[in-house]
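Reviewing the structure listed below.
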Amino acid sequence: MKGMKGMKGTSGTPDTPRGPGTSVSTDTSVTTDTIDTSVATDTIDVLVVDDDFMVARVHRTFVERVEPFRVVGVANTGEQATRAVDELHPDLVLLDLYLPDVFGLDVIPRLRASGHDCDVMVISAAREADTVRGAVRHGVVDYLLKPFEFEDLRARLERYAVQRGRLLATVVHGQADVDRVLAGASVPASAAGTLPKGMSVETAELIERTLRTAEGTLSAAECATLAGISRVSARRYLEHFHTVGSADVTLRYGAAGRPERRYRFQG
């Protein structure tokens, strides 16, 4: 690992394999941003790669809602992605697999051969076990299936940011330090020990106390009522605790609608 508010999911059709007769655009331009050098050095730069420009736009919007991430470019083909990494040196690539010119996983060895150590998170509709195993062998940091909701991506981005920060700050004194890095999570004294930007230690500790003292599980709405904060804020902290392994999540199914997510503190 390298040192549209209100939207419910990705728009457009899921990525699909391209047949021999599919036309491919000859435009190899890459959409990039002008880099603001005043941005703090802990900003995580992201390249979005997806053959569907509308889906890429949605993914870009999702990413830019999560601190400290910023999108520095968008590519629609494997060739564009390789060139964009050469030019932009992103920290993280969100990689679609069904690209018009190459299978997405084949982009990764090209990047490594060129000396790039950016991390890769697969975002694809590909559900085949062989594809998932191939992604793992190529060292992807995560694999998110389409379609998904904003919260699904945000949880993975925040988990990535925590792990990346931990790796950058790690000093190895012995096997225990290595084990914590490889396990992907250390065990802080409090669940509020490491927080993404925009989250406060005080609110995290309030949510932690609320979960610890609850009898059984709590929904985000129940936790919000007990803690005296908004349901949206409560859910964000609860999902963060789940991401770092401090809270378990179970689903309660009702007569209709989506299942309710219920949280229990670990430890």
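For this structure, a couple of remarks:
- Residues of the stretch 50-77 satisfying the condition of being out of contact with any Ser or Thr (no Cβ under 8 Å at 6 or more places or on another chain) and under 18 Å from Leu105 (Cβ atoms): Asp50
- Residue in the stretch 194-207 that is touching a strand residue (DSSP E or B) at 6+ places or on another chain (Cβ under 8 Å), modelled with pLDDT of 80 or more and either basic (Lys, Arg) or assigned to a helix (DSSP H, G or I) (or both) present: no
- Contact annotation: residue pairs with Cβ atoms under 9 Å, 6 or more positions apart or on different chains, pairing a residue in the stretch 250-261 that is closer than 16 Å to Leu211 by Cα with a partner that is modelled with pLDDT of 80 or more and not in a strand (DSSP E or B), are Thr250/Thr217; Arg261/Ala220; Arg261/Arg235; Arg261/Leu238; Arg261/Glu239; Arg261/His242.
- Those residues of the stretch 147-157 which are out of contact with any helix residue (DSSP H, G or I) (no Cβ under 6 Å at 6 or more places or on another chain) and at pLDDT 90 or above, in sequence order: Arg154, Arg156, Leu157
- Search result, residues across the stretch 145-168 that are touching a Leu at 6+ places or on another chain (Cβ under 9 Å) and within 25 Å of Ala113 (Cα to Cα): Tyr160, Arg164
The values are calculated or read from the model by the stated rules, or taken from the named source; none is laboratory data. Keep in mind the model is a prediction, meaning the values are calculated, not measured. A quick note on method: Cβ atoms are made from the backbone with ideal geometry, for glycine too, and the neighbour counts reach across all protein chains shown.
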